[in-house]
Amino acid sequence: MSDNTTPREMDEQVQNGQNSTTGRARHDNIGKPRGHDTGAWTRRNFVKAAGVGAATAGLSTAFSGSAAAGENMPTPWLHVDGNLVKDPEGNEVVLRGVNVVDPWRANRDAPYYKMHIDDYVELATNEDEGWYSRVVRLPMQPQDIGKHGSGAVDPVAFTEDELLTYLEEHVDSVVEKARERGAYIILDYHRHYPDGPDWTEPALDEEIRLFWNVVAPRYNDQSHVLFEVYNEPTTPYAGHDLGPENDIDIRDPEGEETWLHWRETAQPWVDLIREHAADNLILIGSPSWSQWTYWADEHEFEGENLAYTGHVYTQESLRPLGEYFGKPSENVPVFMTEFGFGGPEPYLQGTREVHGQQFSDLYTEYDSMHWTAWCFDFDWEPSMLDRDYEIKNEWGEWTQEHLEQWADDDLPQVESESPPVGGDNGDDDDDNDDEEPESPTPPADQWVDEATETSIEVGWEAVDGADAYRVFLESDLEEETTATTATITGLEADTAYELGLSTIVGDEESDVVTTTVSTRSEGEPEGPPEIDGIQPADTTGDGLYNDFTGSGSTTTTDVNVFFEHVDDPAVADYPQYYDFDGNGQVSVTDVVDLFESI
C-alpha cells in the first residue's frame, strides 16, 4: 500500500491485486493500556483525525477484567503427527487467534496513539472482553528492528546489537505475557514488499541468518513459542518477471519449479533454526506472499515438527480456498497466519456475506487448519478494531464470533513447560558459571542536536548503569564524558563523518556503535530542510519550528503536515527543530504536543 491518503503509513505496495496484507500505519497514541489515565484523550485523538477535521471523539473507559482466554489452557510442547499438531499425550491441538502489530511500533507510540504491545496480547486473550485467542502472531519487521521508520528498507536492515535491544525492550515482555495468559505466540520474521528483495539475494540470506541466530536460541526453552521463518517471500518466479501483466497459475509446471527453487533456498534457514531450537514448531511460508501453499504437501521440507503457512485475502485468483489451502492441509499442518477482508485496497475489499462465508466454510471443512486473523488493530489493514479497541466492522465480528465458537475445541491437555522468559535466554549451554560477564550495552539511539559548518553537537539515550561514554570521530577517540551530549569542533564544511559511541561501566567498555553525521555547507541557511517545497518556520522564537505551511502561525493543517512527515529524514533527523516534548527525539508525541499548543 502507498502513503497517499490520510496521515497513515502503509508499508506494503499493491502488486497485481494479489499480494497479501498489511498496510502498516504510523502509530503513536491510540488506545490506552488498561489502568492508564484517559483524561487527555479527546484532544489527542485529533492527531489521527486532523486530515478530516475531526477532533471530538474521546476514548472509552479503560479496559477492565482480567480473565485470560488461556488462564486454564496449558501451553506444552507441540509436535507434528502427519497433518496434525498434537500435545505430548497425543491430543490434537488447533490454534486459532489474531495478529497484532510490530512491538516496537506499538511501544514507540504508546500510550497516546496505540496500546503497549503487552496490552494487545492481554486484550486479545481476555474472555471478559469477548476475545478467545489461543495464539497470537507477533510480526517483527526488519525496518522496525533497525528503527528505520516506514517503508521498504534493503537488507541487512539491522545489526546484532539493534536486534538484541529490540528483543530486550519489546519482545521479551510480550513472550512472557503470552505465557502468563496461557496463549501460544508466533515469532514472525516479517519481511515483505513486492519490489524485492528476491529470496535468493545474498544480503537477504545474511539478514535472515542474523535474525534466527539470535532469536531462535533466545526462546528455545519456551514451549509456547513458534517460529515463522519468513513472512512473505515474493520473487523470483520460474520463467516470469513479477509484474501486473503476468497471470501466473500456481498449479502449472513453472509454479512447481518455483516451489522447488524456494525449498532449496529456504531449507538451510529451517535447518539453522532447528540447530538452535530442537523442539519449537517451525512455520514455513512460500513464494508470492506465502500464497503458494498448494505445493507444500507434494514437496515437503526436510525436518521434524514443520508446518506451512498460507496468506490470502479476497483475491479471486485464489478461489476456491479449499483447492489452494485446504487440499495441502489434509497431508501437512497448515497455519493460515494471515487472512481477512474489508480493507481499502482492491485485494482486501470484501464482505462477510461472501468472503467471510468462504473462510467459515474453509475452516469448517478443513478443521485441522490453524489460523491467525489479520489484524487486531485499527489501522493495519484489514483492521478489525476502532480507536477505542472495540470491534468496528464485519471483519471484527467474524473474528470474535469464530474464536468464541471454537474456544473450547482442540486445546492441549498437558501442563505447560515454559519457564519465565529470561534466565539463560535459551543458551545452548546450561552451565553458565564460567561464562564471561556480558559487556555493557552501547547507546541505543543517537541524534544530531545541532550542526554548523565546523561543528556537530550530538546527543544519545542514557544507558542504565553507565559510568561514562566515549565519543569517537573517524575511529579516533574524541572525548570521554559523563554527559549524554558532546560537541565536536574543528570540522570541515559539507563533510560526512563517522561518529562512534560506546558505554563505560567500571573497567568494561561496550561495543562501539557508529552513525554518519554531516556538517553544513558553507552559506547553508539555518533551520531544517524544506518539506513539500516549503521551508518550515519558527514563528514563536523558541527555536522549535511550528509553521509547516508558510501561513505565519500554527494551524491544524500544520499539525497534519507534521504528522504525515514525522518519520521522514527531513523531520526525524532534526530533533533540535522538532522536539516539542523534549525527549531528544522526533515522534508522534511531538505532533501531539504541537497540536495541544494551538
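A single entry from Gly340, Gly326 fulfils the requirement of being under 16 Å from Asn99 (Cβ atoms), at pLDDT 95 or above and small (Gly, Ala, Ser): Gly340. Report yes if Leu84 is open to solvent by less than 20 Å² (accessible area, probe 1.4 Å) and modelled with pLDDT of 95 or more, otherwise no. No. When the stretch 504-520 is limited to residues that are among the polar types (S, T, N, Q) and in a strand (DSSP E or B), the one that is nearest to Thr452 (Cα to Cα) turns out to be Ser518.
If you filter the stretch 180-207 down to residues that are of a type in the set (A, V, I, L, M, F, W, C) and out of contact with any Lys or Arg (no Cβ under 8 Å at 6 or more places or on another chain), you find that the one that is farthest from Ala157 (Cα to Cα) is Leu187. If the condition is being of a type in the set (A, V, I, L, M, F, W, C) and either more than 24 Å from the chain's Cα centre (by Cα) or not in a helix (DSSP H, G or I) (or both), then the stretch 584-593 contributes only Val586. In the condition set (1) over 30 Å from Pro111 (Cβ atoms); (2) assigned to a loop (DSSP other than H, G, I, E, B); (3) open to solvent by 10 Å² or more (accessible area, probe 1.4 Å), Val332 is compliant with all but (3). Within the stretch 543-583, the set of residues being without any contact (Cβ under 8 Å) to a residue 40 or more places away in the chain, in contact with a Ser or Thr (Cβ under 9 Å, 6 or more places away or on another chain), part of a helix (DSSP H, G or I) and not β-branched (Val, Ile, Thr) comprises just one member, Asp558. Counting only residues that are under 28 Å from the mean Cα position of the chain (by Cα) and assigned to a loop (DSSP other than H, G, I, E, B), the stretch 357-375 holds 4 of them.
Any idea how many residues of the stretch 376-421 are open to solvent by 20 Å² or more (accessible area, probe 1.4 Å) and not in a loop (DSSP other than H, G, I, E, B)? Selection size over the stretch 376-421: 7. Looking at Ser329, Ser317, just one residue is touching a residue at least 12 places away in the same chain (Cβ under 8 Å) and farther than 27 Å from Leu226 by Cα, and that residue is Ser317. Close contacts from the stretch 228-239, counting a first residue that is free of Cβ contacts under 8 Å to residues at least 12 places away in the same chain and under 15 Å from Phe211 (Cβ atoms) and a second that is of a type outside the set (D, E, K, R) and surrounded by fewer than 22 Cβ atoms within 10 Å (Cβ to Cβ), with Cβ to Cβ under 8 Å and a gap of 6+ residues or different chains, come to none at all. Among the residues making up the stretch 173-208, a single one is among the charged types (D, E, K, R), assigned to a loop (DSSP other than H, G, I, E, B) and crowded, with 22+ Cβ neighbours inside 10 Å: Arg191.
From the set of residues in the stretch 434-471 that are of a type in the set (D, E, K, R) and within 16 Å of Leu499 (Cα to Cα), which is modelled with the highest pLDDT?
So the residue we want is Arg470.
If you filter the stretch 568-598 down to residues that are among the acidic types (Asp, Glu) and open to solvent by 20 Å² or more (accessible area, probe 1.4 Å), you find that the one that is modelled with the highest pLDDT is Asp579. Restricting to the stretch 458-495, and then to whatever is of a type in the set (A, V, I, L, M) and in a loop (DSSP other than H, G, I, E, B), can you tell me which residue is surrounded by the most Cβ atoms within 10 Å (Cβ to Cβ)? Filtering first and then ranking leaves Val463.
Would you be able to tell me the number of residues in the stretch 335-354 that are touching a residue at least 60 places away in the same chain (Cβ under 8 Å) and either more than 25 Å from the chain's Cα centre (by Cα) or surrounded by fewer than 21 Cβ atoms within 10 Å (Cβ to Cβ) (or both)? Of the residues in that region, 3 qualify. Checking the conditions here, which among Asp279, Asp297 is of a type in the set (Asp, Glu), open to solvent by less than 60 Å² (accessible area, probe 1.4 Å) and assigned to a loop (DSSP other than H, G, I, E, B)? It is Asp297. Do the conditions hold for Tyr545, that is, is it within 23 Å of Asn107 (Cα to Cα) and among the hydroxyl-bearing types (Ser, Thr, Tyr)? Taking the combined requirement at face value, the residue does not satisfy it. Checked against (1) modelled with pLDDT of 85 or more; (2) touching an Asp or Glu at 6+ places or on another chain (Cβ under 7 Å); (3) closer than 24 Å to Glu162 by Cβ; (4) part of a strand (DSSP E or B), Gly500 passes all but a single condition, namely (2). Close Cβ contacts (under 8 Å, 6 or more residues apart or on different chains) running from residues in the stretch 242-265 that are part of a helix (DSSP H, G or I) and among the charged types (D, E, K, R) to residues that are open to solvent by less than 40 Å² (accessible area, probe 1.4 Å) and modelled with pLDDT of 95 or more comprise Glu256/Trp295; Glu256/His299; Arg263/His299; Arg263/Phe301. Cβ contacts < 6 Å: first residue in contact (Cβ under 8 Å) with a residue 60 or more places away in the chain, restricted to the stretch 196-223; second residue open to solvent by 10 Å² or more (accessible area, probe 1.4 Å) and in a helix (DSSP H, G or I), any location; separation 6+ or different chain. Result? Qualifying pairs under 6 Å: Trp199/Thr265; Thr200/Thr265; Trp212/Leu272; Ala216/His276; Pro217/His276; Asn220/His276. Would you confirm whether any residue within the stretch 355-366 is more than 30 Å from Gly506 (Cβ to Cβ), surrounded by fewer than 17 Cβ atoms within 10 Å (Cβ to Cβ), among the hydroxyl-bearing types (Ser, Thr, Tyr) and modelled with pLDDT under 95? Scanning the stretch 355-366, I find no residue that is more than 30 Å from Gly506 (Cβ to Cβ), surrounded by fewer than 17 Cβ atoms within 10 Å (Cβ to Cβ), among the hydroxyl-bearing types (Ser, Thr, Tyr) and modelled with pLDDT under 95, so the answer is no.
Contact map, the stretch 100-121: residues that are polar (S, T, N, Q) and in a helix (DSSP H, G or I) paired with residues that are at pLDDT 90 or above and open to solvent by less than 10 Å² (accessible area, probe 1.4 Å), Cβ distance under 8 Å, separation 6+ or inter-chain. Pairs shown: Asn107/Ile117. Among the residues of the stretch 496-521, those that are over 16 Å from Pro442 (Cβ atoms) and surrounded by 14 or more Cβ atoms within 10 Å (Cβ to Cβ) comprise Tyr497, Val517, Ser518, Thr519, Arg520. Scanning the stretch 165-172 for residues that are on the phi < 0 side of the Ramachandran plot and part of a strand (DSSP E or B) turns up nothing.
With respect to Asn560, is the statement that it is within 24 Å of Gly151 (Cα to Cα), open to solvent by less than 60 Å² (accessible area, probe 1.4 Å) and polar (S, T, N, Q) true?
yes
The values are calculated or read from the model by the stated rules, or taken from the named source; none is laboratory data. Since the structure is predicted, the reported quantities are computational estimates derived from the model, not experimental observations. Reconstructed Cβ throughout: ideal geometry from the backbone, glycine too, with neighbour counts over all protein chains shown. The accessibility values were calculated without ligands, DNA or RNA, using every heavy atom of the protein model including side chains. Shrake-Rupley method; radii C 1.70, N 1.55, O 1.52, S 1.80 Å.
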